[in-house]
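In what follows, a single structure is set out as structure tokens and then discussed.
The values are calculated or read from the model by the stated rules, or taken from the named source; none is laboratory data. Since the structure is predicted, the reported quantities are computational estimates derived from the model, not experimental observations. Here Cβ is always computed from backbone atoms with ideal geometry, including for glycine, and neighbour counts include all displayed protein chains. Quick note on the areas: whole protein, heavy atoms, side chains included, nothing else; ligands and nucleic acids left out. Shrake-Rupley method; radii C 1.70, N 1.55, O 1.52, S 1.80 Å.
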Amino acid sequence: QVQLVESGGGLVQPGGSLRLSCAASGNIVSLRAMGWYRQAPGQQREAVATITSGGSTNYADSVQGRFTISRDIAKNTVYLQMNSLKPEDTAVYHCNAMSYFNSYWGQGTQVTVSS
């Protein structure tokens, strides 16, 4: 089992920045990738950014160049630095961790971009 705890969401004005954190605990040696997903009201959950155990990253087209996913291996934590935020980035952001057999989710953190 893997437990994920997100933090860092909040209200920010358009053009602002936020950094989300996802702390993992449990059987983390089994993980092969971690990532951030988001779900806006009335919409399906979508992938935002992922990072593999080897350090390879991938981003949704809508956030490319604005968001950066990174990790601190010593702290078992993955970050999502979000810059130049837009109102359409408003959503609940969920951390995800994948092993070869399971997918784990955090409880989610709300990000609201509004003036």
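In the context of the full protein assembly, Glu88 retains an accessible surface of approximately 130 Å², using a probe radius of 1.4 Å and ignoring ligands and nucleic acids.
How are the alpha carbon pair distances in the stretch 61-102 distributed across 5 Å bins from zero to the largest one, expressed in percent? Final binned percentages: 5, 15, 24, 23, 17, 11, 4, 0.
From Cα pairs below 8 angstrom and at least 6 apart in sequence, can you work out the relative contact order of the chain, rounded to a whole percent? Walk me through the numbers on the way to the answer.
Working: 282 pairs, mean separation 42.7, N = 115.
For the chain, the relative contact order is 37 percent.
Counting every Cα pair in the stretch 4-45, what percent are over 14 Å apart? When all Cα pairs of the stretch 4-45 are counted, 64 percent exceed 14 Å. Each label was represented as a point 7 Å from its Cα along the Cα-to-Cβ direction; for Thr112 and Ile28 these points are 3.1 nm apart. Residues Thr90, Thr68, ordered by accessible area of protein heavy atoms at a 1.4 angstrom probe radius and largest first, appear as Thr68, Thr90. What stretch of the chain, leaving out the sites themselves, is the longest with no chymotrypsin sites (Phe, Trp or Tyr not before Pro) in a DSSP loop having at most 15 other Cβ atoms within 10 Å? Longest site-free region, per DSSP loop and neighbour criteria: 1-99. Think of the chain as having a plus end and a minus end, set by charges on the Cβ of Lys, Arg, Asp and Glu; of Thr68, Ser103, Val2, Val2 sits farthest toward the positive end of this dipole.
Considering Cα pairs under 8 angstrom that are at least six residues apart, work out the relative contact order of the stretch 14-82 and quote it in whole percent. Each step should come with its number before you reach the end.
Numbers: 101 pairs, mean separation 25.7, N = 69.
Once divided by the residue count of the stretch 14-82, the mean separation gives 37 percent.
Surface calculation, 1.4 Å probe, protein heavy atoms: Val78 sits at approximately 10 Å² accessible. Extension gain, Gln3 to Ser56, is 16.8 nm, computed as 0.36 nm per intervening residue step minus the present C-alpha separation. Given a 1.4 Å probe and the protein chains as shown, Ser114 ends up with an accessible area of around 60 Å². Label zone of Phe101 (point 7 Å out along Cα→Cβ, amide N under 20 Å): in the stretch 19-45 this covers 25-34.
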